[in-house]
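Note sheet for the following structure.
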Amino acid sequence: MLLMLVISFTINIGLGSVSIPFDELLNSLFGNAAEKESWDYIIWNYRIPKAFTAILVGSGLSLSGLLMQTLFRNPLAGPFVLGISSGASLGAAILIMGTTAISGLLTFEFVNDLSLAIAASLGSFLVLLVVMIVATRVKDTMALLIIGLMFGSITAAIVSVLSYFTNAEKLQRYVYWSFGSIGNLTWSQLVLLLVLVLIGILLSILSIKSLNALLLGENYARSLGIDLKKSRYIIIIATGLLAGGITAFAGPIAFVGLAVPHLTRQLFNTMDHKVLIAAVMIYGAVLMLLCDTLAQLPTSAHVLPINAITSIIGAPVVIWLLVRKRKMIF
Amino acid sequence: MDSKEQHITLKAENLSIGYASKNKETLIAQNIDFNVQLGELVAIIGINGIGKSTLLRTLAKVQPKLAGTIKIEQADLDYIKPFDLASKISVVLTEPIASKNLTVIELVALGRQPYTNWLGTLSEHDRSRIIDAMTQMELDSLQHKKCHELSDGQLQRVMIARALAQDTPIILLDEPTTHLDLYHKVRILKLLKHISKEAHKIVIFTTHEIEMAIQLCDKILLLDGKTNPFGKPNELIEKKAFERIFPSDTITFDPDTGSFRI
């Protein structure tokens, strides 16, 4: 699987609107100067950050999907379906369009990234907490999904109200963000995203035991000595950081979080989170790299919005799983 | 304290159970008194809605009690930390497990959680306990099956094996025989009897199989919500306790055969 990751990483870097010969690509990657200086520049400042972003986004979203499916005991849970991405969008929308003070901050690029990340994370935390409260009261998994959908609607409504009052420039900025894009991150933004994702991964690894116990249900987990409240909070914080942080930088990206854990469970005959966390992340990274490669392939001059590609691939996967298995089990 | 009482490991005194929300308490049963010793198989019986499951869940600390005390080895249940309790009480509940995608061996292995490190790594000792538990429940041939592929009776045995793997002196089971046919009911109950005797554990379960309980159990707690008689089956028969469970105009109890007549 790691090999798959390396291959898709190389393919991803190798392809783009400027064609670069493969041996020159390798030259540049291993520190030697490529034939043209512009190729070096393209590879190091455009394609490699983009590929790294794809890896972080793919693995992070997939991991957050896995956490949510276990925490909510729901095979359909995922950052997009439960409205977590909507929450992040709301945070971002309020930040981009809701305040005028932000324009003053635009000059400090880093602060702006940080505030966007914080706003989006806050938004997703907020939604997660509400979903969590609802989940403890409503045992029905359908209700949870419907509530997630309703959050999507509420967010869309607030965003449209905001966009009605905002100026064209900010609106464009928001719309562009909401398409989802992994190609615009600078190295410094990438480092920030990396830190968020790493914290998320660390918290997930710390929760492996509770996650496994939660597979039995909450009462059984408690009878196994798990501190439910604490582990729930840790898992929620991890999910919020992963889904919120990624959505802040890359926009709302659909279906990766939902589909990848299911695809992974098809491949591995285990439910042990020790295996699943690693597998899901690698698988998510590969899928995201491939989606991104696909996004720039059709016409080499244009790059399609990544969100469209993940939906085109992800939605049929979910349908296929449902039809083939007749029911979704996790 | 005489020598007999030193073996007491689970004891309830003047216990009241029910549900408490912010502004009101719903009392389900009160005046529950019993004490159970290691090696005893105990059935909790009573009509629907009398609080059998509530009592079991209260004993397992899944839900809080309303009043009274529950003691394990002289320690009050309220003051035992969840982590310590995990090595004292294991449970088999009626609620379905969250993920039916677990394999049998994975599910049984989860019973070892209280003893594993922060990553849940299984030691050689853990593995042998898991294998033992599965052998005792006759699950060896099923160990790599997924739980959604199992029948109700098989799944019930898997859940009991998980509780066994948890290696606790007390095992609580909520209606372990529902949805099973006569053969599987008897099989499960005999396995429970075997566990309580061979592994020297306290096994307490709720059931509607009163006649089987009379034949198999060491003690019976008859929940009626008020006096809740507790004792050996023949003592309860002598006290005419079973006659009062159901309205006498529909079902009568025959003390000679230990069975009910319509």
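For segment A:203-220, what does the Karplus curve 6.51 cos²θ - 1.76 cosθ + 1.60, with θ = phi - 60°, yield as ³J(HN,Hα) per residue in whole Hz, taken in order and with x for Gly and Pro?
Listing the rounded values in order: 4, 5, 5, 5, 9, 3, 5, 5, 4, 4, 5, 5, 4, 8, x, 5, 5, 5 Hz.
Counting partner chain Cβ atoms within 10 Å of every residue's Cβ in B:60-72, what's the average? Show your work: numbers first, answer last.
Working: counts 3, 3, 5, 1, 0, 0, 0, 0, 0, 0, 0, 0, 0.
Neighbouring Cβ atoms belonging to other protein chains average 1 per residue here.
Evaluate the charge dipole of the protein assembly as shown about its Cα centre and quote only its size in Debye, nearest 20, assuming +1 on the Cβ of each Lys and Arg and -1 on the Cβ of each Asp and Glu.
Details: 51 positive and 47 negative charges, 126 e Å.
The dipole magnitude comes to about 600 debye.
Sketch the reach of a paramagnetic label on B:Ser87 as a point 7 Å from Cα along Cα-to-Cβ, and name the residues of segment B:98-122 whose backbone nitrogen lies under 11 Å away.
B:114-116
For a footprinting-style exposure proxy, rank A:Arg47, B:Arg261 by other Cβ within 10 Å, fewest first.
Listed from fewest to most nearby Cβ atoms, that is B:Arg261, A:Arg47.
In terms of the Cα gyration tensor, with a ≥ b ≥ c the square roots of its eigenvalues, is segment B:96-167 rounded because a/c is under 1.5, prolate because a/b exceeds b/c, or oblate?
prolate
Using only the Cα atoms, what convex hull volume per residue in Å³ does the protein assembly as shown have?
191 Å³
Considering Cα pairs under 8 angstrom that are at least six residues apart, work out the relative contact order of chain A and quote it in whole percent.
Here the relative contact order equals 32 percent.
Between A:Ala168 and A:Leu114, what is the label-to-label distance in nm when each label sits 7 Å out along the Cα-to-Cβ direction?
3.4 nm
Non-local amide H neighbours of B:Ile44 (under 5 Å, H modeled in plane, Pro and chain starts lacking H): which ones?
It is B:Phe205, B:Thr206, B:Thr207, B:Leu221, by chain and number.
Can you find, among A:Leu214, A:Leu61, A:Trp39, the residue sitting farthest towards the positive end of the charge dipole of segment A:2-325, where Lys and Arg contribute +1 and Asp and Glu -1 at Cβ?
Farthest towards the positive end: A:Leu214.
Which distance in nm do the two modelled labels at B:Ile262 and B:Lys239 give, with both placed 7 Å along the Cα-to-Cβ direction?
With each label point 7 Å from Cα toward Cβ, the separation is 3.0 nm.
Multiply the residue separation of A:Leu2 and A:Phe30 by 0.36 nm, subtract the distance between their alpha-carbon atoms, and state the gained length in nm to one decimal.
Result: 8.2 nm gained on full extension.
Of A:Ala248, A:Ile182, A:Ile201, which is farthest along the charge dipole of segment A:180-330 in the positive direction, counting Lys and Arg as +1 and Asp and Glu as -1 at C-beta?
A:Ile201
Mind jotting down the distance between the C-alpha centroids of segment A:60-100 and segment B:136-195, whole Å?
First find each Cα centre; the distance between them is then 40 Å.
Can you show me the helix-derived [θ] at 222 nm for the protein assembly as shown, built from DSSP H runs with n ≥ 4 at -39,500 (n - 2.57) apiece and divided by the number of residues, rounded to the nearest 500.
It lands at -16500 deg cm²/dmol.
Given contacts defined as C-alpha pairs under 8 Å and at least six residues apart, what's the relative contact order of chain B, whole-number percent?
Computed over chain B, the figure is 25 percent.
Exposure proxy check: A:Lys229, A:Lys274, B:Lys61, B:Lys239 ranked by fewest other beta carbons within 10 Å?
A:Lys229, B:Lys239, A:Lys274, B:Lys61
Taking a ≥ b ≥ c as the square roots of the eigenvalues of the Cα gyration tensor of chain A, is the shape rounded (a/c under 1.5), prolate (a/b larger than b/c) or oblate?
oblate
Using a 10 Å cut-off around each Cβ of peptide B:90-97, what is the average number of partner chain Cβ atoms that fall inside?
Counting other chains' Cβ atoms within 10 Å and averaging over B:90-97 gives 4.
Taking the Cα centre as origin and putting +1 on Lys and Arg beta-carbons and -1 on Asp and Glu beta-carbons, what dipole magnitude results for chain B, to the nearest 20 debye? Could you put the intermediate results ahead of the total?
Details: 32 positive and 34 negative charges, 95 e Å.
Taking the Cα centre of chain B as origin, the dipole is about 460 debye.
What translational diffusion coefficient, to the nearest whole µm²/s, does chain B have by Stokes-Einstein, given a Kirkwood radius computed over alpha-carbon pairs, a temperature of 20 °C and 1.002 mPa s viscosity?
Diffusion coefficient, whole number: 111 µm²/s.
What full-extension length gain, to one decimal in nm, is calculated for A:Val134 and A:Thr10 as 0.36 nm per residue of separation minus the Cα-Cα distance?
40.2 nm
Between B:Asn31 and B:Leu122, how many nm apart are label points set 7 Å from Cα along the C-beta direction?
Once both label points are built, they end up 4.9 nm from each other.
What list do you get for A:His273, B:His184, B:His144 if you sort them by fewest beta carbons within 10 Å? Please list the in-between numbers first.
Values: A:His273 25, B:His184 17, B:His144 10.
Lowest to highest Cβ neighbour count: B:His144, B:His184, A:His273.
Any read-out appearing in this document is the output of simple, stated calculations on the displayed coordinates, not a laboratory observation. This structure is a prediction, so every number in the text was calculated from the model and none was measured. Cβ: placed from backbone, ideal geometry, glycine included. Neighbour counts: every protein chain shown.
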